[in-house]
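Have a look at the structure below, then the notes.
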Amino acid sequence: MLNLVNHAQQTAFARLHEFFSDQKHWYRSLWGIGTVLAMDELFEACSAMKQGHLSEGSVKRIASSLQRRVGLHPAFTAAEKQLLAEQVRHVPRAEGVAHFIIRELCQRVSSDYLSRWAAAVGQGNFRPEHFARHVGAHLLDAGFSTQFLRDWIASRRDEPEPITLAELCEALQDVIRSNPTRPFSVLIAVKSMAQASGASHAPWLRAAAVTQWLRQHAFDTTGVRAAAAMVVTVTARDEIGAAIAARNESDRYSARALLATGKPLDLLPSVWVRGSAKEYSIKASSRGVAVNELFRGNRIFASGVSQDVDAALELLAHLENSSPPAAIAGGWGAIEGLLADPSDRASAADNLATLVTCSFPRAELTALSRRAERIYPAECAELVGIEVNRERSRVLAKMILENRLPVMPSVADQAAVARMRKLLLNPHPELQTIKELIAESFHRLYRQRNLILHGGRLDSVALHASLRTVAKLAGAGMDRITHAQYEQGIRPLELVAKANMALAIIDKSSPLQCVDLLEPR
């Protein structure tokens, strides 16, 4: 049972829980990584710069972003903030003193990061959204699966003993300590074996041995028809994370089989984690890359489409369903191909961030309008019959500004209304903040692409976190590009120009223009 003493704590918990939901939309998802991983990223980037895989400008961007983040962070002491600022005043050089101090500071903070947040909450020194984003990202960066975290938080919420938000932070710190990254044995089974299977060089179990392994570890073998299986060892924080890691292993093996035999592995639909009470799907969960305009505009099978946009969509599909390295490379290829300035490929990150930022107000307002109309049909009667999202957003924005929207029953929705009210009352700085957050994630995607393609790095510290943060955002941006191209005849960089203009001139005197930031004028 939660003992949240004020609305700020209620909002912080609601947002934290929302970030672990499997139903969250892009406009309510986590857009960035945690602070500890950001320090790890900088430490790694310094070495990559020395090897020629990242530019000095890229590393400087990471350092500047980290300094701003830590400067506003209640979990760092004043001395720690000053120490970091001194180390990143100039770009740290690999193997230098500043480089090693960054590592030492990272290890110091990571050892009790959530306990530090507990102290900040106890003192009332926190902002709900800031708390939820940093704590949520830290837990995911640490390697926990969203389902594990969602189930754990739900169990604490439903227990009879009361727990405060500060105590929840301490309990989560204990979860990190008691669930270290550790080895798991996972069985990956195939329906048939290729002739050149390499069985003599791999620990394959044949049909009868597969069944024996499953029974030995208390799994139901009903319907399991495996020609062979391999037991792989992966490292993870929890069983669900182990299944995800095993999926990535199966992707690598399948790629090798395709190159060797011309056929990918014919995998069974499940993997089995030793010690788990259930099997897990071999198919990875959706990363949330959605370009709904293709469906809305009936363009899935359309001919005569823009070659540039069509090629970008094909590349973007890798961001949804390919292995992490291929997803990074394909996803960035789609973005760069449409949005990069010829003289600066990294500019594509800022350009896409601009488009996604301009899409944010209408996306959130539209979703809120649907829920408000369903929950309060009488009070929201002016929304009835309006099907155009642009108009629905305008009506709801006006209701929020005039304080006519009833209090939503969900604390997460209340938080969304509060965020939109703050944005509508002073749109320019709020939208700029959103743009900076989103741009940082897209720049990280670009850096990961460079580490993969130029450095052959498939194990970067931020590889998986980069995918987690950008997939939905990239889909949202490509959705706007597709709509503009086919509905309005506006090319991608033309749309970016319009979006930049809209963000530059929006101010508090015209708050309702927030729903029209990408509309032709």
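What follows is calculated from the coordinates using simple rules that are stated; it is not laboratory data. All values reported here derive from a predicted model rather than from experimental measurement. Here the Cβ is made from the backbone with ideal geometry for all residues, glycine too, and neighbour counts use every protein chain on show.
Brief remarks on what is shown
- Residues whose amide H lies under 5 Å from that of A290, counting only those 5 or more places away or on a different chain, are G475, A476; hydrogens are built 1.01 Å from N in the peptide plane.
- With an a/c value under 1.5 for the gyration tensor axes a ≥ b ≥ c computed over the alpha-carbon atoms, the chain is described as rounded.
- Along the range 500-514 the Karplus relation, 6.51 cos²θ - 1.76 cosθ + 1.60 evaluated at θ = phi - 60°, assigns HN-Hα couplings of 4, 4, 4, 5, 6, 9, 5, 8, 5, 6, 9, x, 5, 5, 4 Hz to successive residues, with x for each Gly and Pro.
- Ordering P128, A94, T11 by the projection of their Cα atoms onto the charge dipole of the range 7-178, which places +1 on the Cβ of Lys and Arg and -1 on the Cβ of Asp and Glu, puts A94 at the extreme positive end.
- Sum of side-chain charges, E249 neighbourhood, beta-carbon under 14 Å (Lys, Arg +1; Asp, Glu -1): +1
- Karplus-derived 3J(HN,Hα) values for the range 216-225, using 6.51 cos²θ - 1.76 cosθ + 1.60 with θ = phi - 60°, are 4, 10, 6, 9, 6, 9, 4, x, 7, 10 Hz; glycine and proline are entered as x.
- Cβ-defined net charge surrounding A415, 15 Å radius [Lys, Arg +1; Asp, Glu -1]: +4
- Other residues with beta-carbon under 13 Å from the beta-carbon of L258 carry, at +1 per Lys or Arg and -1 per Asp or Glu, a net charge of +1.
- Backbone HN-Hα couplings from phi across the range 21-34 [Karplus 6.51/-1.76/1.60, Hz, Gly and Pro as x]: 6, 8, 10, 5, 8, 4, 6, 10, 8, 7, 9, x, 9, x
- Sequence-distant residues sharing a close amide H with A236 (under 5 Å, placed H): R182, F184
- Interatomic Cα distance distribution for the range 17-176, bins of 5 angstrom, percent: 1, 9, 17, 19, 18, 15, 10, 7, 3, 1, 0, 0
- Protection proxy ranking, peptides 213-224, 484-495, average beta carbon neighbours within 10 Å, highest first: 484-495, 213-224
- In a simple Cβ point-charge model (Lys, Arg +1; Asp, Glu -1; nothing else charged), the chain has a dipole of about 360 debye relative to its Cα centre.
- Antiparallel DSSP beta bridges within the chain, as percent of all bridges there, nearest 5: 95 percent
- Only lysine pairs 8 or more places apart or on separate chains count here, and in the chain those with Cα atoms under 26 Å apart total 29.
- Relative to its residue count, the range 287-521 spans a Cα convex hull of 135 Å³ per residue.
- Rounded Å value of the spacing that divides the Cα centres of the range 448-521 and the range 421-445: 12 Å
- Working ranking of peptides 55-61, 364-370 by packing, defined as the average number of other Cβ atoms within 10 Å per residue, highest first, is 364-370, 55-61.
- Each distinct pair of alpha carbons in the range 1-88 adds a 1/r term; the inverse of their mean, the Kirkwood radius, is 15.6 Å.
- Taking a ≥ b ≥ c as the square roots of the eigenvalues of the Cα gyration tensor, the range 182-281 is classed as oblate, since a/c reaches at least 1.5 and a/b does not exceed b/c.
- Legend: calculated FRET efficiency, E80 to K283, from the Cβ-Cβ distance at R0 = 41 Å, rounded to 0.05, equals 0.45.
- Annotation: amide H of L54 within the under-5 Å range of M49, sequence separation 5 or more or interchain, hydrogens built in the peptide plane.
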